Every structure is written in structure tokens, then in C-alpha cells.
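S.K.: Quick one: the structure is below, questions incoming.
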């Protein structure tokens, strides 16, 4: 069932949508985006900027320690990893963008995105519609690019929200 969902999203969209999906999935783009947003908040929000920036930093650290450190680096030493859809099903899935070969589970892109967006929406509730659109497009992009199964997306989303809420709790 998950493979059919990935196949559907992998085939959905034209050239422009594929370019956008590949662009939004670039780690350099996401690093720049979250760094820029964090810096703007730090310097422009005089009342809560430092707290929000700190929460974003904590959420990011949690993401790298848990999603990247434990799930992508430590556990694969002892347990088999989940192979990405484009590698597991090369005839059914077309890979687009950067070709990651690490474990598919959980989606690090979703984890870091939701960690940052959870913090941003908590402190600036008015941005939730944009956050939702960004989240949905990121989920689409990760499956469209052939990098993740739906359960990888859901797990990354849940982990990211947990990181965001832990960071919010710690700074309050």
C-alpha cells in the first residue's frame, strides 16, 4: 500500500512541480531558510526574539541528536535500515533531486521542518496557514522525489513536533 502511495505522488506533477519539489528538498535551502528566519526573529522581535531563537536552536539540536544521530547513524550499525523507495523499487520509482542513500526512516526533512514550524507557530500563531502549506508541500516533495514512504513522513512529522514542543517547554 505504501509503495502505491509513493508511486502515485512520484508520478504526480509536471516539470515545474518537480523542480520545486527538488529545490525545497535541498538541505542547503532548508539550512538557509531556517537560519534566515531565526536571525530575522532574533534581531527583529525585541520582546521574544532571543527565546524563539533559542527554542529553534534546541529543536534543531534535538533533531540532529535523535533523528540523525540515533536513527540514521547509531541504529543502522546494529539493525537493518529501511531502504529508500527509489532504491528498493528502481523500476517503479523515479528518483529526483539529491540521491540520499541513508535510512528512509524517519524523514529528516519532515523532522527538521516540523521542529522549526512547531516553534514558529507556537510563538506566531498567525503563520499556521503558511506552515501547513509548507508542511504539505514538503511531504509531497519527499514522496514525489522517491525518497520516503508515507510512514517515514508521518514519523518525521511526529518526531519534529515533539522536538519543537520540548524546545518550547525548555525555554518557557
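S.K.: Scan the stretch 1-35 residue by residue and report those that are outside any helix (DSSP H, G or I), surrounded by 15 or more Cβ atoms within 10 Å (Cβ to Cβ) and over 15 Å from the mean Cα position of the chain (by Cα).
M.R.: 13, the sole residue that qualifies.
S.K.: Select from the stretch 36-50 the residues that are free of Cβ contacts under 8 Å to residues at least 40 places away in the same chain, surrounded by 13 or more Cβ atoms within 10 Å (Cβ to Cβ) and part of a loop (DSSP other than H, G, I, E, B) and list them in ascending order.
M.R.: Selection gives 45 alone.
S.K.: From 63, 109, 100, 89, which residue is more than 18 Å from the chain's Cα centre (by Cα), in contact (Cβ under 8 Å) with a residue 40 or more places away in the chain, closer than 21 Å to residue 154 by Cα and surrounded by 13 or more Cβ atoms within 10 Å (Cβ to Cβ)?
M.R.: 89
S.K.: If you don't mind, another one. Test residue 53 against the criterion of being assigned to a helix (DSSP H, G or I), in contact with a helix residue (DSSP H, G or I) (Cβ under 8 Å, 6 or more places away or on another chain), within 21 Å of residue 111 (Cβ to Cβ) and modelled with pLDDT of 90 or more, and give yes or no.
M.R.: Yes, satisfied.
S.K.: At pLDDT 95 or above, surrounded by fewer than 15 Cβ atoms within 10 Å (Cβ to Cβ), more than 12 Å from the chain's Cα centre (by Cα) and part of a helix (DSSP H, G or I): is that true of residue 130 in this structure?
M.R.: Yes, satisfied.
S.K.: Cβ-Cβ distance below 9 Å, separation of 6 or more or different chains: which pairs start in the stretch 127-143 with a residue that is in contact (Cβ under 8 Å) with a residue 40 or more places away in the chain and end on one that is part of a helix (DSSP H, G or I) and exposed (fewer than 14 other Cβ atoms within 10 Å of the Cβ)?
M.R.: Hits for this filter: 141/23; 143/8.
S.K.: Follow-up question, since we're still on this one. Pick from the stretch 87-118 the residues that are part of a helix (DSSP H, G or I) and at pLDDT below 90: which of them is nearest to residue 27 (Cα to Cα)?
M.R.: 87
S.K.: Give the stretch 136-160 a look and list any residue that's more than 19 Å from residue 8 (Cβ to Cβ) and surrounded by fewer than 18 Cβ atoms within 10 Å (Cβ to Cβ), or say none.
M.R.: Listed by number, the list holds a single entry, 158.
The values are calculated or read from the model by the stated rules, or taken from the named source; none is laboratory data. Since we're looking at a predicted model, the values are computed, not measured. Positions of Cβ are backbone-derived with ideal geometry, glycine not excepted, and every protein chain shown enters the neighbour counts.
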